[in-house]
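S.K.: What follows is a structure written as structure tokens; I'll ask about it next.
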Amino acid sequence: MSLKILICDSDRRFIERASRFLASHGHQVLAEALLDEALDLASHWKPDVLVLCSELAEKHPDDIFLQLQDLHPRPAVLLTGQLDRFDAAWRAWRRGGDDLLLKPVLHAWELHTAIISAIDTARQKTEPTVEQTAVSA
């Protein structure tokens, strides 16, 4: 399954390693270091997953997660954060991320696993539950 993955992170080394790994596994990958440009790109390119640096999300003056909700379809959001800045990553995740990956990423498969988890979580948020289906019937 080939995914469209947009990476928005200030860590160039992470972008290079992640892009190389994901592309070698058949995924389409674009990277943008600036959040506003990444949002604009996401609205046109329609990625399946947005890998987003939690520190960039925190610094954004507007609520990035509300803007992401306006994208159709909304990409799954995998937040990245430095282990020593866990508090910032946790706050960003609570605002609307689907999964959280702490750096340093020691094994590339950790990125792949986190992407799959973010997609699963995003689907669970958008699919109606059995209770919701019963109420609407």
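The values are calculated or read from the model by the stated rules, or taken from the named source; none is laboratory data. Not measured: the values here are computed from a predicted model. Because the Cβ atoms are built from the backbone with ideal geometry, glycine has one as well, and the counts that use them run over all protein chains shown.
S.K.: Condition check: of a type outside the set (S, T, N, Q) and at positive phi. Does residue 26 satisfy that?
M.R.: yes
S.K.: Answer with yes or no whether residue 56 is within 20 Å of residue 88 (Cα to Cα), assigned to a helix (DSSP H, G or I) and touching a helix residue (DSSP H, G or I) at 6+ places or on another chain (Cβ under 8 Å).
M.R.: It is true that residue 56 is within 20 Å of residue 88 (Cα to Cα), assigned to a helix (DSSP H, G or I) and touching a helix residue (DSSP H, G or I) at 6+ places or on another chain (Cβ under 8 Å).
Yes/no matrix, rows are residues, columns are (1) of a type in the set (A, V, I, L, M); (2) in contact with a Phe, Trp or Tyr (Cβ under 7 Å, 6 or more places away or on another chain); (3) farther than 20 Å from residue 125 by Cβ:
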position	(1), (2), (3)
22	yes, no, yes
27	no, no, yes
53	no, no, yes
71	yes, no, no
112	no, no, yes
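S.K.: Among residues belonging to the range 1-42 that are over 24 Å from residue 72 (Cα atoms) and among the acidic types (Asp, Glu), point out the one that is modelled with the lowest pLDDT.
M.R.: Per the criteria, the residue is 11.
S.K.: What are the residue pairs meeting all of these: first residue in the range 69-92, first residue farther than 17 Å from residue 8 by Cβ, second residue in a helix (DSSP H, G or I) and of a type in the set (S, T, N, Q), Cβ atoms under 8 Å, and 6 or more apart or on different chains?
M.R.: Close Cβ pairs (under 8 Å, with a partner that is in a helix (DSSP H, G or I) and of a type in the set (S, T, N, Q)) amount to 91/54.
S.K.: Here are some residues: 10, 19, 43. Which one is outside any helix (DSSP H, G or I) and either under 23 Å from residue 86 (Cα atoms) or of a type outside the set (D, E, K, R) (or both)?
M.R.: Going through 10, 19, 43 in turn, the sole match is 10.
S.K.: Quick check: is even one residue across the range 65-87 surrounded by 14 or more Cβ atoms within 10 Å (Cβ to Cβ), over 14 Å from the mean Cα position of the chain (by Cα) and assigned to a loop (DSSP other than H, G, I, E, B)?
M.R.: No; the residues of the range 65-87 include none that is surrounded by 14 or more Cβ atoms within 10 Å (Cβ to Cβ), over 14 Å from the mean Cα position of the chain (by Cα) and assigned to a loop (DSSP other than H, G, I, E, B).
S.K.: Confirm whether residue 105 is farther than 22 Å from residue 127 by Cβ, over 15 Å from the mean Cα position of the chain (by Cα) and of a type in the set (Val, Ile, Thr).
M.R.: Considered against the rule, which asks whether it is farther than 22 Å from residue 127 by Cβ, over 15 Å from the mean Cα position of the chain (by Cα) and of a type in the set (Val, Ile, Thr), residue 105 comes out as yes.
S.K.: What's the total number of residues in the range 88-100 that are under 12 Å from the mean Cα position of the chain (by Cα) and either part of a helix (DSSP H, G or I) or aliphatic (A, V, I, L, M) (or both)?
M.R.: Of the residues in the range 88-100, 4 are under 12 Å from the mean Cα position of the chain (by Cα) and either part of a helix (DSSP H, G or I) or aliphatic (A, V, I, L, M) (or both).
S.K.: If you take the residues in the range 45-79 that are modelled with pLDDT under 95 and among the basic types (Lys, Arg), which one is farthest from residue 5 (Cα to Cα)?
M.R.: My answer is 59.
S.K.: Need pairs with beta-carbon distance below 8 Å; first residue free of Cβ contacts under 8 Å to residues at least 24 places away in the same chain and farther than 10 Å from residue 3 by Cα and within the range 13-32, second of a type outside the set (Ser, Thr, Tyr) and not in a helix (DSSP H, G or I); sequence gap 6+ or separate chains.
M.R.: Taking only residues 6 or more apart or on different chains, the pairs are 15/7; 15/9; 15/31; 15/33; 19/7; 19/29; 19/31.
S.K.: Looking at the range 101-133 only, could you name the residues that are among the hydrophobic types (A, V, I, L, M, F, W, C), exposed (fewer than 13 other Cβ atoms within 10 Å of the Cβ), at pLDDT 80 or above and assigned to a helix (DSSP H, G or I)?
M.R.: 109
S.K.: Next question, about the same structure. For the range 1-26, how many residues are of a type in the set (Asp, Glu) and within 16 Å of the chain's Cα centre (by Cα)?
M.R.: Of the residues in the range 1-26, 2 are of a type in the set (Asp, Glu) and within 16 Å of the chain's Cα centre (by Cα).
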